[in-house]
Amino acid sequence: MLNLMLQSMRNRLTSVCLTLTVIALAVALFIGVELVRTQAKQSFANTLSGTDLVVGARSGNLNLLLYSVFRLGNATNNIGYDTYQRLAQTRGIDWTIPLALGDSHRGYRVIGTNLDYFRHYQFGQRQSLHFAQGDPFDDLFEVVLGAEVARTLGYQLGDALTLSHGAGGSTSFVHHDEMPFTVVGILSPTGTPVDRSLHVSLEAIEAIHAGWQGGARVHGVNADEINQYDLTPKTITAFLVGLKSKFQLLNVQRAINTERSEPLSAVLPGMALAELWALLGQAEKALAIVSAFVVAVGLTGMLTTLLASLGERRREMAILRAMGAGPRHVFMLLWAEAALLALFGTLLGYLLAQGVILALAPLALAQYGLVLTPSLPTGTVAWMMLGVQLTGSLAGVLPAWRAYRHTLADGLTQRL
């Protein structure tokens with residue numbers, strides 16, 4: 001029976017290939033949308049762990065989280081460093097991590113911070129940062145690279161690099177080339193925006209902007225003259241907060257939000273992420289509905305092809321009957337053919353989706369900071385693949401039943 005079915009499908013290779021293509025594309029679209037949706041959520045959720053509050057200038061919760069944690073967008077304003085120091089002493093706060101953003105290097109963001117960043121920053125399931133090579137910065141003009149920065153740009157320990165003014169794209173026209181930095185550390189991969197960041201001290205951020213006013217260079221200052229300047233930070237962009245106890249969360253958040261010296265926002269990362277998913281929820285549903293309709297169209301196309309081929313195969317079915325095949329054999333032949341097409345189409349669609357995800361992963365990582373990786377079918381994807389297989393098998397029942405009902409005389413009678 002299997003050999004007979006394969007021979008029959010080979011004789012109709014063009015229509016079989018078209019049917020497989022339609023099913024595979026439909027399944028690949030559904031799987032691709034689902035994988036991007038789930039892995040995007042996972043990538044965002046794994047970026048920050050163990051941080052209770054994210055504090056920045058007064059703005060929307062989502063905007064604050066995006067620019068301070070995910071390096072997307074820019075801050076509406078900065079925070080006075082004296083305000084930060086005072087708030088860091090608030091009762092209930094265990095540690096803080098200051099962040100100064102605004103500069104870049106060949107398209108990658110530069111973060112000004114202090115050594116608490118390497119002590120307290122956590123990602124994933126409370127995983128701490130580790131060094132693949134070297135150590136944290138200790139001198140003024142030393143830089144620690146994220147894993148992707150070092151890999152993509154080919155930097156090694158001891159290499160020199162120049163930072164650029166502004167957090168724009170890969171091209172910048174204003175460089176701090178009078179103050180080169182030396183690579184002293186390279187972090188292990190994390191799968192988060194940390195991999196795409198360069199880390200320097202807060203004092204280094206002040207140093208490279210010495211002689212600047214209003215975002216423009218007023219006069220040049222080289223590395224030898226920098227000791228004449230006070231490098232105490234004046235402002236920072238945001239800071240992360242870890243609490244001694246979760247019970248103090250609301251009190252600390254209220255104290256920061258009601259700070260009188262300047263308007264601030266203290267955001268719970270989990271709630272800001274929930275806001276993001278709620279914002280994107282309707283778009284996710286729309287994509288899922290469109291994908292489901294595409295799968296339905298693919299299965300309908302398979303059913304249409306099988307029904308259309310019955311007229312051409314009437315004589316084939318009748319000859320099989322004349323050679324001793326019973327109605328049950330004819331039914332099983334056509335039903336198994338539909339089930340096999342659904343199975344191969346589903347598997348091809350899954351492989352196609354994984355290939356597209358693998359091909360687009362570098363672009364998604366570089367442009368949007370999303371970590372996309374091929375994965376085994378689980379959850380919604382597994383149920384969808386099973387559903388396509390069952391629906392495709394059921395779709396084969398109708399043409400199989402029609403062939404089952406055809407009589408031997410009907411197939412051998414010549415119709416004019």
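Report the antiparallel proportion of the DSSP beta bridges in region 87-204 as a percent, rounded to a multiple of 5. Don't skip to the end; give the middle numbers.
Values: 16 of 25 bridges.
Antiparallel bridges: around 65 percent, rounded to the nearest 5.
The calculated FRET efficiency for the pair F293 and R254, based on their C-beta separation and a Förster distance of 45 Å, comes to about 0.40. Local charge for T152 was computed over the other residues whose Cβ lies under 11 Å away, with Lys and Arg +1 and Asp and Glu -1, and equals +1. Highest mean packing first, where packing is the average number of other Cβ atoms within 10 Å per residue, the peptides 141-150, 117-126 line up as 141-150, 117-126.
For A286, what is the net charge nearby, where nearby means another residue's Cβ is under 14 Å from its Cβ and Lys, Arg count +1, Asp, Glu -1? Residues close to A286 contribute a combined charge of 0. Normalised by the number of residues in region 53-267, the average gap of Cα pairs under 8 Å and 6 or more apart makes the relative contact order 33 percent. Residues H175, H199, H105, ranked from the fewest to the most other C-beta atoms within 10 Å, line up as H175, H105, H199. Dipole of region 53-267 computed with +1 at Lys/Arg Cβ and -1 at Asp/Glu Cβ about the Cα centre; of G185, Q228, N257, farthest Cα towards the positive end is N257.
The residue list G158, T113, S59 was ranked by how far each Cα lies along the charge dipole of region 56-158 toward its positive end, using unit charges on Cβ atoms, and S59 comes out on top. The spacing between region 130-149 and region 43-77, judged by their C-alpha centroids, is 23 Å. Computed packing ranks the peptides 27-38, 71-82 as 27-38, 71-82, most packed first, by mean other Cβ atoms within 10 Å.
Report the local net charge at L231: Lys and Arg +1, Asp and Glu -1, summed over other residues whose C-beta lies under 13 Å from its C-beta. The answer is -4.
For region 53-267, the dipole from Cβ point charges (+1 on Lys and Arg, -1 on Asp and Glu) about the Cα centre works out to 1180 debye, to the nearest 20.
A protection proxy built from the mean count of other Cβ atoms within 10 Å ranks the segments 291-300, 51-60, 278-287, most packed first, as 51-60, 291-300, 278-287. The fewest-to-most ranking of I289, I23 by surrounding Cβ atoms within 10 Å reads I289, I23.
Just so you know, all these numbers are worked out from the coordinates, no wet-lab data involved. Model, not experiment: these values are computed from the prediction. As a convention, Cβ positions derive from the backbone with ideal geometry for all residues, glycine included, and neighbour counts pool all protein chains shown.
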